[in-house]
Amino acid sequence: SDADSTDVLKLGGWTNGRGALIPLPALHSAPGPQGVLGLDEMIRRRGSALSSLEKQKSSSLLIGYDDDDGGTDTSPEPATPDDNGSFDGDNVLLQVKGKLSAFLRVQQQMGKRGAQLSTEAYHNQRLMSPMQERLNALTMIPSMLYCAWFLLSGSWWVSSALNSEVAASEESFFGVGCIQSPMFRERVPAMPPMTVVIGALGGFVHPIFSIIYHWWFATSLEPSKRVAHWSRRLDNVFIHFASACCSYATSGRLDYFLVNLLFNFDSALKQFEEKISPRRNTKRIGVSVLLYLFPMIVFGHLWEFAQFVTMFALSGWLFKLYPFGGWSHSLFHVAMWPFPILILKVATLHQSSHEQIRFAIQCSRQ
């Protein structure tokens, strides 16, 4: 930071961290001794830096850009001594207040412009060609199809180790509650566990909105219009929807699911704010991920947890660094392909899931 970062305003004047005191009237002067800056000089430097940021703004991709320059400097003219060579203390303090206000105004504008340019750079490095965007859409399809297949193929009970346990059981079973439809009876003899249904629902719905954005709108909209388009916002909204569903799949608890639902609902609402904050949104997605991973540790599903961590490490590297340029996002989707496999496997491990799986196996034997 600049030398003024250690300056301190005192009643009698302006002093730096070494105690060098400068009288209040000198606050309007050029740089003082030993690197101490007058307020005029600090404002001039900040104003120059702000002008430099403004020149970089011409290619801004931001929506809701605020063009207010903070107003003009209306602070009073520097105090001057009277005929006796002394200064009016009240007038001098007014001058200091005016200069400080101007200084803080320029600082605020610098922070705003810097954040906007940082957001612009974030999106510039992620611009992709129409072909790359369509590949992004296509790489979302396998996850969606797996969720549907897992439910409708009966994989959740056919491959279960509980089959041998039910086969050895001599428990009476009357078939009440089994699915009787010939279309589903063979593969889905009973309703799947709710943890499996909710987990598969989240994994099936989110890719739909991701495909809509990547295939149709990311290939046709100007780059400056994409970040605030409804399709992009809904893509992020349904990431949070999927996260809430996953929290139930990994915990099997309604109360934990409701807490996650509240957090993800709040995060989804923030996607519709006028100004976009990609880093905040990414952090909230990260928190939602941690919330559905946490139950795996609590319930001792450590092998599945380790697989999730490995998958997220690889996909996170691809998403954060974009090592392969515009192709990195498609590779990020590919790295996430094990996600529905793992989340639905964990959903079958709860005791409540075991009860429904046993019931389905008994229905299949009727």
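Structure notes:
- When each of Ala347, Ala360, Ala335, Ala313 is tested for being out of contact with any Asp or Glu (no Cβ under 8 Å at 6 or more places or on another chain) and within 17 Å of Gly202 (Cβ to Cβ), the lone residue that passes is Ala347.
- Candidates Trp303, Trp317: the one that is more than 16 Å from the chain's Cα centre (by Cα), surrounded by fewer than 20 Cβ atoms within 10 Å (Cβ to Cβ) and of a type outside the set (Asp, Glu) is Trp303.
- Verdict on Pro323 being open to solvent by less than 20 Å² (accessible area, probe 1.4 Å), out of contact with any strand residue (DSSP E or B) (no Cβ under 7 Å at 6 or more places or on another chain) and of a type outside the set (Ser, Thr, Tyr): no
- Any chance Arg226 is open to solvent by less than 40 Å² (accessible area, probe 1.4 Å), in contact with a helix residue (DSSP H, G or I) (Cβ under 7 Å, 6 or more places away or on another chain) and charged (D, E, K, R): yes
- Verdict on Pro295 being surrounded by fewer than 17 Cβ atoms within 10 Å (Cβ to Cβ) and in contact with a Ser or Thr (Cβ under 8 Å, 6 or more places away or on another chain): no
- Given (1) touching a helix residue (DSSP H, G or I) at 6+ places or on another chain (Cβ under 8 Å); (2) buried (at least 18 other Cβ atoms within 10 Å of the Cβ), number of the condition Phe359 does not satisfy: (1)
- Gln351 meets the conditions (1) in contact with a helix residue (DSSP H, G or I) (Cβ under 8 Å, 6 or more places away or on another chain); (2) open to solvent by 60 Å² or more (accessible area, probe 1.4 Å); (3) under 30 Å from Ser153 (Cβ atoms) in every case but one. The failed one is (1).
Conditions tested, residue by residue: (1) open to solvent by 30 Å² or more (accessible area, probe 1.4 Å); (2) more than 30 Å from Met131 (Cβ to Cβ); (3) hydroxyl-bearing (Ser, Thr, Tyr).
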{"site": "Thr195", "(1), (2), (3)": "no, yes, yes"}
{"site": "Ser210", "(1), (2), (3)": "no, no, yes"}
{"site": "Glu222", "(1), (2), (3)": "yes, no, no"}
{"site": "Trp230", "(1), (2), (3)": "yes, no, no"}
{"site": "Val237", "(1), (2), (3)": "no, no, no"}
{"site": "Ala244", "(1), (2), (3)": "no, yes, no"}
{"site": "Tyr256", "(1), (2), (3)": "yes, yes, yes"}
{"site": "Asn260", "(1), (2), (3)": "no, yes, no"}
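- Only one entry in Ile343, Ile361 is under 23 Å from Val176 (Cβ atoms) and among the β-branched types (Val, Ile, Thr), namely Ile361.
- Evaluation of Trp337 against (1) more than 27 Å from Ile141 (Cβ to Cβ); (2) surrounded by fewer than 16 Cβ atoms within 10 Å (Cβ to Cβ) (one fails), failing number: (1)
- Candidates in segment 123-146 are the residues that are outside any helix (DSSP H, G or I) and modelled with pLDDT of 95 or more; of these, the one that is farthest from the chain's Cα centre (by Cα) is Thr139.
- Filter result for Val289 (out of contact with any His (no Cβ under 6 Å at 6 or more places or on another chain), open to solvent by 40 Å² or more (accessible area, probe 1.4 Å) and on the phi < 0 side of the Ramachandran plot): no
- Some residue of segment 236-247 being closer than 22 Å to Thr195 by Cβ and in contact (Cβ under 8 Å) with a residue 60 or more places away in the chain: yes
- Evaluation of Glu274 against (1) open to solvent by 50 Å² or more (accessible area, probe 1.4 Å); (2) closer than 25 Å to Thr139 by Cα; (3) not aromatic (Phe, Trp, Tyr) (one fails), failing number: (2)
- Selection within segment 159-180: residues that are within 43 Å of the chain's Cα centre (by Cα) and in contact (Cβ under 8 Å) with a residue 24 or more places away in the chain. The member of this set that is surrounded by the most Cβ atoms within 10 Å (Cβ to Cβ) is Ser160.
The values are calculated or read from the model by the stated rules, or taken from the named source; none is laboratory data. A quick note: this is a predicted structure, and the numbers were derived from the prediction, not measured. Cβ sites come from the backbone with ideal geometry, for glycine too, and all protein chains shown count toward neighbours. For the accessible areas, the whole protein counts, side chains as well, though only heavy atoms, and no ligand, DNA or RNA atoms are used. Shrake-Rupley method; radii C 1.70, N 1.55, O 1.52, S 1.80 Å.
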